[in-house]
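Notes follow the structure.
All of the numbers you see were taken from the coordinates with simple rules; none came from a lab. No experiment lies behind these values; they were computed from the predicted model shown. We place every Cβ from the backbone using ideal geometry, glycine too, and count neighbours over all the protein chains shown.
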Amino acid sequence: MLFSNEGIARHINQYFEAAWEMVRPVPVVRIDFGNGNIVTRTLHGNIATYVCTRDGRVLDALPGVYTPGAYLDCLDQFRLLAEYIKGRGPAALADYHQAQATALRKNETPGRLVLDMRAFASKAKIEDPIKFVLNPAAGAKQPGARAANGSQPRFENVQDLASWDALIEDTRRNETVHRGQIHELLGRCGLVTPDKVVKPLYKDILQADLDDPYLGLGKTLFGSYPFKAEDSR
Amino acid sequence: MNRRCRASLWPAAVLITLAPFMGRTGAADRAPSGPAEPVLQPKRQIESPVKQVIHDRSGPAAAAPADFVNPKVEPGKVRWHASFAAACTAAQQSGKPVLLFHLMGKLDDQFC
């Protein structure tokens with residue numbers, strides 16, 4: 001789990017005040033094979049990570065799962081974003097989201113927040129040490145490349161390797177398609193509390209309508225079920 | 001009184017007529033010797049002692065199959081505040097931004 005990762009936990013504890021919330025109970029599937037073997041899995045469990053101002057308004061959000069390296073990089077960007085916006089206000093945040101959404105829509109590398117290292121080298125105070133760099137240089141990490149960032153875990157079997165590859169693909173999709181959608185959503189909403197964006201984020205971006213009792217799986221579950229009429233009697 | 005009413009009263013009339021002869025034995029029908037037959041007891045008085053015996057000698061009812069219990073686990077190594085509001089309060093003091101994690105289920109449940 002991400003929060004068992006030492007580097008991620010240390011970064012969060014150092015730079016954020018953290019909390020978690022349940023958006024709805026998780027669907028659990030239990031298959032009893034009748035011979036004492038029971039398999040338990042969660043179904044359709046999706047996550048979102050928000051960075052918020054000190055008074056609880058959303059600055060940015062990450063949709064879904066990430067590789068540890070990519071997640072850590074995004075958290076650091078969140079830290080810098082909070083500082084960047086602090087001195088600039090809502091208009092700067094709107095510009096940030098618009099620029100990011102535009103870049104991702106055009107399949108370009110989104111802008112990055114960078115810390116002016118002269119802030120540490122010189123005794124003179126540097127105004128605005130954090131810069132938002134559009135079209136960062138070729139050396140900057142592409143969202144897709146960030147997915148595989150960081151140390152790769154050791155795999156004991158082929159299934160673990162397949163899971164890791166799936167996680168990299170999820171990260172890539174989250175950092176490109178879904179992040180673009182989030183920037184557009186947050187650009188429209190402005191500085192709001194998380195409860196104002198949680199439902200559209202889950203429904204339109206994570207494909208999990210929190211108001212649907214079957215989380216969009218009703219057709220899959222019941223569409224071709226041969227005993228539906230019999231069970232409904 | 002018309003014929004229909006008289007017809008409907010006929011069974012009642014028969015019962016009333018025969019009532020003195022139902023459920024009672026006259027002196028002429030008693031056994032010539034021996035004790036009098038016991039008076040029939042109310043149903044409650046018969047059944048209550050039986051119920052008590054069954055209750056006292058029965059084991060506990062078989063437990064219904066337990067609902068799924070999601071085991072509790074540590075929610076990683078992050079220092080989580082108890083709520084988003086608490087995190088915001090702490091952020092006002094520390095100057096740090098707030099990180100809010102949303103999920104289905106609970107982060108301290110094994111299956112989440």
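Here are some notes:
- For A:ARG24, A:ARG105, B:ARG57, the sequence from fewest to most other C-beta atoms within 10 Å is B:ARG57, A:ARG105, A:ARG24.
- Highest average packing first - A:74-86, A:182-194, Cβ atoms within 10 Å: A:74-86, A:182-194
- Less than 5 angstrom separates the built amide H of A:ASN46 from those of B:MET104, all sequence-distant by 5 or more or on a different chain.
- Per residue of peptide A:23-30, the mean number of Cβ atoms on other chains within 10 Å of the residue Cβ is 4.
- Counted residue by residue at 0.36 nm each, then reduced by the alpha carbon distance between them, the extension gain from A:ASP32 to A:ARG173 reaches 47.3 nm.
- Virtual spin-label span in nm between A:MET117 and A:GLU21, 7 Å along Cα→Cβ: 4.0 nm
- Low-density loop cleavage sites - trypsin sites (Lys or Arg not before Pro) in the stretch B:70-112, where at most 14 other Cβ are within 10 Å (DSSP): B:ARG79
- Loop chymotrypsin sites (Phe, Trp or Tyr not before Pro), the stretch A:182-227 (other Cβ atoms within 10 Å of the site Cβ: 11 or fewer; DSSP): A:PHE227
- Pair B:ASP56, A:ALA92: separation of 7 Å Cα→Cβ label points (nm): 8.4 nm
- Inter-chain Cβ neighbour count for B:85-96, averaged per residue, equals 5 (cutoff 10 Å, partner chain atoms only).
- Remark: A:TYR66, A:TYR15 ranked as A:TYR15, A:TYR66, counting other beta-carbon atoms within 10 Å and listing the fewest first.
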